[in-house]
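Okay, structure first, notes after.
Read the figures in this text as sums done on the coordinates, not as results from a lab. The model shown is predicted, which means the values in this text are computed figures rather than measured ones. With ideal geometry, Cβ positions are generated from the backbone for all residues, glycine too; neighbour counts draw on all protein chains shown.
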């Protein structure tokens, strides 16, 4: 066995598949790898989309999803779970059952409600199940302002309302909440663990029409939890990672920009010094 890679923790993503690679399963797996974690995946839905938007969504059979998740967990190596799009109540119930049976497994929920282009991705009964049953089984939930408004059933348009929504979601059963505010004048996220409420402020990077920021943020938190970091530290590190991945984003089509998940690998290669060819490198 190659000892270099045998220590990589395994992280499971349960989410939809974006064939353009900017969000969902593909973004999650890239984020895990960028954090020296090995990603495995259970797909909840297939989407037809490109950089310009989603054409259609095709949910997978909940029975197949359950079988896939249980098969992956049976290996006994999964250290954390990231959960994304749960398009139907039956799919959400599968995830709820799994988390109930594995209460010690760190889990991060990105409560995807609609796409960045406005396509509804979750049925109302699924959202109700998330609010009523799933929140209490999750280690941390990471809604953006619009998602927080829907989950907390209140307006969330500024920092004070973000704080109020975090308190409301905790009162509804969430163990910890991060309400992300990437659309504010400054990129402020509100973190509440049920006891301490903090605001993490960062530079707002002026890159318009990004794609997959929520998926990447929640996946980065899950990876850091799998690596053994405390929740608050995992959130801070994930915020920094996403900010730089946005800064290094580049277009793959005429529409929205996916994040550059592997920006740490993008350092320019040093030119070869042919005068030292054949010498032993230090």
How tilted is helix 213-226 with respect to the longest principal axis of the chain? Cα atoms for both, answer in degrees (0 to 90, nearest 10).
80 degrees
Please find, in a Gaussian network model of the chain (springs between Cα atoms separated by less than 10 Å), the residue of 20, 53, 253 whose mean-square fluctuation is greatest.
253
Pick from 34, 74, 165: which residue has the top mean-square fluctuation in a GNM of the chain where Cα pairs under 10 Å get a spring?
74
Residue separation times 0.36 nm, minus the C-alpha to C-alpha distance between residue 36 and residue 157: what's the value?
40.0 nm
Please work out the ratio of the alpha-carbon Rg of region 112-161 to 2.2 N^0.38 Å and round it to two decimals.
1.16
Would you mind computing, in nm to one decimal, how far apart the modelled labels at residue 63 and residue 232 are, each placed 7 Å from Cα along Cα→Cβ?
4.8 nm
Which residue fluctuates the most in the chain, going by a Gaussian network model with Cα springs under 10 Å, if the choices are 63, 42, 124?
63
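So for 252, 221, 43, 25, fewest C-beta neighbours within 10 Å to most, what's the order? Before the final figure, lay out each step's value.
Numbers: 252 15, 221 31, 43 18, 25 28.
Fewest-to-most ranking of 252, 221, 43, 25: 252, 43, 25, 221.
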Given contacts defined as C-alpha pairs under 8 Å and at least six residues apart, what's the relative contact order of the chain, whole-number percent?
18 percent
Residue 132 to residue 264: extension gain in nm, 0.36 nm per residue of separation minus the Cα-Cα distance?
43.6 nm
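How big is the equivalent ellipsoid of the chain along its three axes, where each semi-axis is √(5λ) from the Cα gyration tensor, reported in whole Å from largest to smallest? Please report the intermediate quantities before stating the final value.
Details: eigenvalues 184, 103, 78 Å².
They are 30, 23, 20 Å, listed from largest to smallest.
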